[in-house]
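The values are calculated or read from the model by the stated rules, or taken from the named source; none is laboratory data. Source: prediction; values computed, not measured. Cβ placement follows ideal geometry from the backbone for every residue including glycine, while neighbour counts extend to all protein chains displayed. With ligands, DNA and RNA removed, areas are computed over all heavy atoms of the protein, side chains included. Shrake-Rupley method; radii C 1.70, N 1.55, O 1.52, S 1.80 Å.
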Amino acid sequence: MGGRELEEGGRGAGGGDKKGEKEGEGGWGGKGREIEAQQRVTHAAEKRPQDLYEEIKYLKERIKSLEKGKKTYPEVKFLTYKDRKRILISGGAGFVGSHLVDRLMMEGHEVTVVDNFFTGRKRNVEHWLGHENFELINHDIVNPLFIEVDQIYHLASPASPPNYMYNPVKTIKTNTIGTNNMLGLAKRVRGRLLLASTSEVYGDPEIHPQPETYWGHVNPIGPRACYDEGKRVAETMCYAYAKQDAVQVRVARIFNTFGPRMHMNDGRVVSNFILQALQDEPITVYGEGTQTRSFQYVSDLVEGLIKLMNSNYSQPVNLGNPDEHTILDFAKIINGLVGGKSKIVHKPAMTDDPRKRKPDIKVAKSQLRWQPKVSMMSGINKTIEYFRGELHRSRHSERNFHFPDP
């Protein structure tokens, strides 16, 4: 019995030893894992400066790479909330509209462009996309627009004969229904609207030069009537809103304008002649070429539009350059400046093409203190360079960008 107890005791001791061994193994295993973890931390700590260095180096390279492609904008003036205006430009992606956008953005205003891109182009304003003061809306003003603004420059409408004759009904709708919508917006927000009217309201004038008091000589059913009469109705609508609803309106009667960002094939005299001369193609003159035109550079027009908008004068104002030339002389001037070998060819005269066109700008001088500053020769040279760049483009990345003046 004593031996059995001893055996059991031995087994118990042995069992106890095994238990202790298991406990010891368990205890050593926990300590082992702890030591292993500490070793990993130590190992990581030893490598961390190098790893951090490599990571920082990588991030710096990434930042440099991203900054290379980062979009930069021209430096705009800072205006406080008291002076900064919210300005809507209908047709702001077009030729004149895009230059107006540049000027107003550089002055520090918040500019919203609405355009259906019938004749406007996104690339005319792409340099402002993403800027905090700029917004572009793809919208046809024949449909109502609800937006909060302080001023509206209503420029939306095809302006060259091939474009407005392409869809005459659309041209009429833009200048009537579209104008009504813009005036309705001005009424709702109690803002001021400037209508970009045209010298075409004078038709084929019987008075020369044309003052604002001249009522015009227009064929109401001719091929140009969709534009001529559309603008005449738009003017009537402006003054009806002013009289009935006290809407503040300004009306600019714009004469022939040229400059960078004109469409290559818009069918206007300047673009036609420059394009034909640059390509050594015959320069096309319709009729005998004795009809006269007065051409102003686009920056002069933009200056006049802004002065008119911010003036206290509410009657129509001619904005144009009274420097008058015959179409034939103008063709010779452009051909000479380009240095091409183009010959001048004559084609039958266009229907209802005005024989004379020259603005009387006495009102602009007295009321706005405005008159053209850029000489025709200087403006044509800038435009020729722009067109030459357009012709040399072979890839989308070749932007031929016309930077806004600082």
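Miscellaneous remarks
- Residue-wise HN-Hα couplings along segment 277-282, as the Karplus relation 6.51 cos²θ - 1.76 cosθ + 1.60 with θ = phi - 60° gives them from phi, are 5, 5, 9, 6, 9, x Hz; Gly and Pro carry x.
- Entries in K173/K362; K187/K231; K231/K358; K71/K382 that, when Cα-Cα distance is taken, lie over 23 Å: K173/K362; K71/K382
- Percent accessible area from carbon and sulfur atoms, segment 152-259, protein chains only, probe 1.4 Å: 56 percent
- Take the Cα of R84, go 7 Å toward its beta carbon, and the backbone nitrogen atoms of segment 114-142 under 11 Å from that spot belong to 132-134.
- Relative contact order (percent, whole number), segment 258-325, Cα cutoff 8 Å, 6+ residue spacing: 32 percent
- The spacing between segment 147-176 and segment 177-204, judged by their C-alpha centroids, is 10 Å.
- Between the amide H of Q248 and those of L193, distances stay under 5 Å, these residues lying 5 or more places away or on another chain, with hydrogens modeled in the peptide plane.
- Within segment 121-202, GluC sites (Glu not before Pro) in DSSP loop having at most 16 other beta-carbon neighbours inside 10 Å: E132, E148
- Residues in segment 278-377 average 48 Å² of solvent-accessible surface per residue, probe 1.4 Å, ligands and nucleic acids excluded.
- In a DSSP loop and with at most 15 other Cβ atoms within 10 Å, the chymotrypsin sites (Phe, Trp or Tyr not before Pro) in segment 199-285 are W215.
- Computed over protein heavy atoms with a 1.4 Å probe, the carbon and sulfur contribution to the accessible area of segment 49-146 reaches 52%.
- Efficiency of FRET from Cβ geometry, H325 and Y286, R₀ 22 Å, rounded to 0.05: 0.90
- Using a Förster distance of 35 Å, the FRET efficiency for K341-H208 (Cβ separation, nearest 0.05): 0.50
- Stretched out straight at 0.36 nm per residue, the stretch from T236 to R190 would grow longer than its current Cα-Cα span by 14.6 nm.
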